[in-house]
Amino acid sequence: MMRKIKYPFILAFLLLPLAINAQESKQAEQKAEEIIDMLFDKMQKLFSLEDLNFGGMNYHNMQPENMWLTWWGDRLVQTDVEECYLIDTKTGKKTLLFTLEQINEWAESNEEENRYVRHLMNATFPYPDKPLVAVGNKKANILVDFKAHKVVWQDSISGETANDWNTVSKATAWVEDNQLYVADSQGKMHQLTTDGSREIVYGQSVHRNEWGIEKGTFWSPDGQRLAFYRMDQSMVADYPQVDIFPREATYEPDKYPMAGMTSHQVTVGVYDLRTDKTVYLQAGDPTDRYFTNISWSPDGKTVYMFELNRDQNDCRLVSYNAVTGQRIAELYRETSDKYVEPLHPIQFLPWDDTKFVMQSQKDGYNHLYLFDVNGKQLKQLTSGPWVVMDVLGFNAKQKSIVIAANKEHPLHRRLYSVSVTNGIIRPLDTVDGMHRAELSPSGNLLIDSYSTPTRPRVIDVVNIAQKKSSPTTLLEAGDPWKDYEQPIFECGSIKAADGVTDLYYRMVKPCDFNPEKKYPTVVYVYGGPHAHNVDVSWHYGSRSWETYMAQKGYIVFILDNRGSENRGLAFEQATFHQLGQVEMQDQMKGVDYLRTLPYVDMNRLGVHGWSFGGFMTISLMTNYPDVFKVGVAGGPVIDWKWYEVMYGERYMGTPQSNPEGYEKTSLIHKADQLKGRLQIITGYNDNTVVPQHCLSFLDACIKAGTQPDFFAYPGEEHNMRGHASVHLHERITRYFEDYLKPLK
């Protein structure tokens, strides 16, 4: 039987100079096939969206290797799916603590009743001096003594919303059927509310998750008192969302307060586990006010929160008696001609209950300030043209605060220790990059996980207590893309439209980039507050879709304009009351830079963005119709009067107070300026940028005679979830393939 020959045309070409006789020909054929196999093995693979997109089937294999770590006092534990290991912080050596099978055996788990721990990745070790691990199943929170091999405590909480467990009192707060409950350590259940409903919301985040609000329950340090939100949204208009999937579509309204319209009213209750009584903070009329960043005094007797007026330009830190609910004092007030944005609760010094640290941008950058409990500012702890990005914790022995900041460069996130005593700032890492860290409870040790443009992930343990010690490296992740053709990632800066401010960009080029060729180019844009696109993380923070586009022969250009985050108040507030205008000016400076590059085909320039980036995409397409030939706008804001109160009014005021700004930034009036190919994409049930935006713009285009394309994802909200995201990014890519690449 004749042997099947692989790659016959290549094989024939290689054999031409080798074929002398039959025997030599056979040997030559084998040799040639070996050469071909070697060549094909060395060829780099191409990416698919199943590799690159977070909803893709192979996405998890394309992420840098990682470790899930947590602290047990000053002992470090690796929490894998099926094992937990103790790690020596000096050597990195691992010792098995226990397995998932053992935990379920000791807990006498029953899989049929959902009393089965599925994995150990969320295991915590809440007591530094006790061998107890906290795990959970669908029925209970569990404390297991992994040395005595037994359960020492568990609750039986069925509520899956706002499950908040306190490690000191072992009390749990949760929401079930709209009502707020607390169970004490003995399992006794206390129902705190009876009037909870869709319109009266208890124990959950309020104010649409603005000002750093992520939850609605807040335990006192000793776990004996619980502060919680009560949100009355009965007066808020319903937005008419529809569920199309039943046999007959059903009405599923969403409470959505639009800019300039009636907003909800929030109050704060305090439940006392010892007395089984609830009081409400006497903060006055909650109409058109925001309450945020709730915190407790170390003794659990005082509640603190920031209170903000609806205009968001008058912010006050107020203290309340947790027993009576009475207002004690206004400790701090900050006003602005634009807006004040409190994002962090105050934090008391662990070694001095009479002093707390507050974060504020009042000097133009987010910095730390030390206050006493009477509201007297004692000192400014950090200063300079840089931003404190996070407070990681405290080191009581050194009397220092551990922070993350971009002190060295706007694109960096580095780790520092700030002395409360003398203000000296000491770097805790040695590598430029994007560092994210977790501090041990004592503040002596730090898990430092970071990346650089060329290093996907490094995890070190840093001993803060020993100033000259070298970090212990636990992981240096390899490049998960090493077998694939990778694009070229570059980073640089240009001047903003003001001619002074530095703006930073990322450029992604095809792997076989040839400066003699001209390439279709896509500007990817977001541009809005509280986000950035460019930093010194792996690939300069590049989104995986950019790699997919570069693989298809595009250049992708990304610029962080004024209005984006981590650059100080002047940079962020340059867009006040006129969203999109300064941002477009800066993006067009990026376009001017692209014009100077001979390999950018300015006749094939596209633009794409999502959410605020969708707003920017249509803004650029309609304000500069002769520049951008093709655009894809996802979930775009079209007119800020249809956006929510908290975010919209912070940056734009109300339609009543800023009619010129709303008129100028509305894209409804720009529909007749559309010339290029524009695809608009939305989640059919978007509850962030509601469908009214897209549909109103389509109506305006119909009246103007312009022709955008439109695609909706049924059942999806603001961002496509799961595998729908793969479909979405293929659709975005195809639109540029169809209309930008072939354009001449």
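The values are calculated or read from the model by the stated rules, or taken from the named source; none is laboratory data. This structure is a prediction, so every number in the text was calculated from the model and none was measured. Here the Cβ positions follow ideal geometry from the backbone for every residue, glycine too, while neighbour counts run over all protein chains shown. Keep in mind that these areas ignore ligands, DNA and RNA; they rest on the heavy atoms of the full protein, side chains included. Shrake-Rupley method; radii C 1.70, N 1.55, O 1.52, S 1.80 Å.
Counting only protein heavy atoms and a 1.4 Å probe, the chain has 44 square angstrom of accessible area per residue.
List the aspartates and glutamates whose Cα sits under 13 Å from the Cα of residue 518, skipping any in the same chain fewer than 8 residues away. Answer for residue 518, where 13 Å is the Cα cut-off: 601, listed by chain and number. Helix content alone sets the calculated 222 nm mean residue ellipticity of the chain: runs of n ≥ 4 DSSP H residues at -39500 (n - 2.57) each, divided across all residues, give -5000 deg cm²/dmol. Here the chain has 49 percent of its accessible surface on carbon and sulfur atoms, given a 1.4 Å probe and all protein chains in place. Packing around the peptides 625-631, 463-469, 452-458, taken as the average count of other Cβ atoms within 10 Å per residue, puts them in this order, highest first: 625-631, 452-458, 463-469. log₁₀ I(q)/I(0) of the stretch 147-254 at q = 0.16, 0.19, 0.22 Å⁻¹, via Debye over equal Cα point scatterers, no solvent, to two decimals? Computed log10 I(q)/I(0) values: -0.81, -1.00, -1.19. Projected over all directions and averaged, the alpha-carbon convex hull of the stretch 629-715 occupies 5.8 nm². With the Kirkwood sum run over all distinct C-alpha pairs, the stretch 411-467 has a hydrodynamic radius of 12.0 Å. Residue 674 contributes about 20 Å² of solvent-accessible surface, heavy atoms of the protein only, 1.4 Å probe. Note on the stretch 81-131: Cα-only Rg and Dmax are 13.0, 43 Å. Here the stretch 71-178 is described by how far its Cα atoms reach on the three principal axes: 50, 29, 22 Å, from widest to narrowest. Residues whose amide H lies under 5 Å from that of residue 72, counting only those 5 or more places away or on a different chain, are 77; hydrogens are built 1.01 Å from N in the peptide plane. Over the stretch 699-739, the hull volume per residue, using the convex hull of the C-alpha atoms, is 84 Å³.
Annotation: aspartates and glutamates with alpha-carbon distance below 20 angstrom to residue 31 (same-chain offsets under eight excluded): 41. Placing a label point 7 Å from the Cα of residue 168 along the Cα-to-Cβ direction, the residues of the stretch 262-296 whose backbone N falls under 12 Å from that point are 296. Cα centroids of the stretch 384-448 and the stretch 279-328: 29 Å apart. Using only alpha-carbon positions in the chain, the gyration tensor eigenvalues give semi-axes of 46, 37, 28 Å once each is multiplied by 5 and square-rooted (largest first).
Report the net charge of residues surrounding residue 480, where surrounding means a beta-carbon distance below 15 angstrom and charges are Lys +1, Arg +1, Asp -1, Glu -1. Net charge around residue 480: -3. The alpha carbon convex hull volume per residue for the stretch 283-412 rounds to 111 Å³. Using the alpha carbons alone, the radius of gyration of the stretch 603-653 stands to its Kirkwood radius in an Rg to Rh ratio of 1.08. Surface calculation, 1.4 Å probe, protein heavy atoms: residue 589 sits at approximately 80 Å² accessible.
Whole-Å semi-axes of the stretch 461-603's equivalent ellipsoid, largest first, each the root of 5 times a Cα gyration tensor eigenvalue?
Numbers: eigenvalues 173, 130, 28 Å².
Equivalent ellipsoid semi-axes, largest first: 29, 26, 12 Å.
Evaluated at q = 0.11, 0.13, 0.20 Å⁻¹, the base-10 log of the normalised Debye intensity for the stretch 199-345, with identical point scatterers placed on the Cα atoms, takes the values -0.47, -0.62, -1.23.
Taking packing as the residue-averaged number of other Cβ atoms within 10 angstrom, the listed peptides 645-651, 717-723, 180-186 run from highest to lowest as 645-651, 180-186, 717-723. Straight-line cross-link reach from residue 467 at under 17 Å between alpha-carbon atoms covers these lysines, not counting any fewer than eight positions away in the same chain: 90, 397, 399.
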